[in-house]
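Here is the structure we will look at, set down as structure tokens.
Only the coordinates and a few stated rules stand behind these numbers; no lab work does. Every value quoted in this text rests on a predicted model; they were computed, and no experiment measured them. With ideal geometry, Cβ positions are generated from the backbone for all residues, glycine too; neighbour counts draw on all protein chains shown.
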Amino acid sequence: MVNQNMRIARTNPGEGVAEIYNQAGAGYAAYADGDPHALFDFDGPHAYADRCLWDVLDAKLVALRAAGRSEIRILDAGCGPGTWLRRLVTRAHSLGFARITARGFDIAETQVQRARLLAHDLAGLTDVKLTFEVADLRDRLPEADKSVDLTVCLYSVLSHLEVMRLPWIAQELARVTRGFFVATVRPIGSPPSVFVDTVENAQQFRQDNVHDRCRVELFDGRSFTMNIHLFSASELRGYFSRDFEIETLRGLDLFHSRFALDPRWNPPVPALADDQFDSELSRIEEAYAASPRFIEHAAHLMLVAHRVAAEPLRRAP
């Protein structure tokens, strides 16, 4: 018998993806981002990629503040449980922005509810207006033209969208952005993923790259088929290069997820536990992250850009 989620995914990919992430529940936050109450520990399954991504996002916040900006507007398109937007708002507050307006939205209502709950820690900040909403990236954004200083669209959000819609979605993200844009996606050679949980919790899964579908059966009885498109680096660049000036296009986590020591398997020998091995992995990551031969075998691609013809940032006197 065909699972209901699978029928939904085939008839309307957006509704199918929403239902799948609604069923993922509160545990999805820890899988996707690490401990949601320890924002800057970066201890989740994607820890190395998360740290690399955060270094970029933090640098953009610092650049905006150093240019003399006293107010900032941030948009997180496909925010999930809101972890990344809370990180950005917390850091922007610490940098001294006098007014911070931040909106996150996601197609999955359960994840938006989780984001609102976790955001209560920021409710007392008088300089912050933080909202989380249920909305679809396939619809026109309510933000005004060139009103957002930092727009992010992270991890599998763009991969869940139908390819035919991507050119318009890229233009819409560019329309509202006056500053920086950062996106991450799954590349064509990335290691296996079931997107809502660890691979170890999947009884079986199969990615169909012809029809951009991933069918998953988990050990807990859930089964679903979701829309998943895996990107080439040139394809990702092509969608955004018309309206954005591309600063960086690189792979995130080519080696760490494959070779990092796992305490469940590796013995606690001091020679293995020191930082030398991790440092060497990081050195190799940086050497090959943008290499055409390796970039599409990373766990994710990261694109960093700024709006074409945007006023250049000038350091405050």
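Observations on the model:
- Spin-label pair residue 280/residue 147, simplified geometry with 7 Å Cα→Cβ offset, distance in nm: 5.3 nm
- Distance (nanometres) between label positions extended 7 Å along Cα→Cβ at residue 136 and residue 171: 1.9 nm
- Ranked by how many other Cβ atoms sit within 10 Å of their own Cβ, fewest first, the residues 182, 152 fall in the order 182, 152.
- Counting beta carbons within 10 Å around each of 17, 176 and listing the fewest first gives the order 176, 17.
- Under 5 Å from the amide H of residue 244 lie the amide H atoms of 308, each residue being 5 or more positions distant or on a separate chain, with H modelled from the backbone and absent for Pro and chain starts.
- Legend: ranking of residues 84, 54, 168 from fewest to most surrounding C-beta atoms inside 10 Å; resulting order 168, 54, 84.
- Normalised alpha carbon radius of gyration of segment 78-149 [divisor 2.2 N^0.38 Å]: 1.10
- Calculated from backbone phi, Karplus (6.51, -1.76, 1.60) coupling profile of segment 80-95 in Hz, x at Gly/Pro: x, x, x, 4, 5, 5, 5, 4, 5, 5, 4, 5, 4, 4, 5, 7
- One entry in (1) 54; (2) 50; (3) 62 is percent of Cα pairs over 24 Å apart calculated from the shown coordinates; its label is (1).
- Looking at the chain alone, DSSP beta bridges between its own residues are antiparallel in about 50 percent of cases.
- Each residue, residue 246 and residue 26, gets one label point 7 Å from its Cα in the Cβ direction; the gap between the two is 4.2 nm.
- Choice from 167, 263, 45 showing the highest fluctuation, given a GNM over the chain with Cα pairs closer than 10 Å: 263
- Extension gain (nm, one decimal) between residue 260 and residue 113, 0.36 nm per residue minus Cα-Cα: 49.5 nm
- Value of [θ]222 nm, deg cm²/dmol, for the chain, DSSP H segments ≥ 4, -39500 (n - 2.57) each, nearest 500: -10000 deg cm²/dmol
- Gaussian network model of the chain, Cα within-10 Å springs - most flexible of 293, 99, 213: 293
- Among 200, 19, 172, the largest mean-square fluctuation in a Gaussian network model of the chain (Cα springs under 10 Å) belongs to 200.
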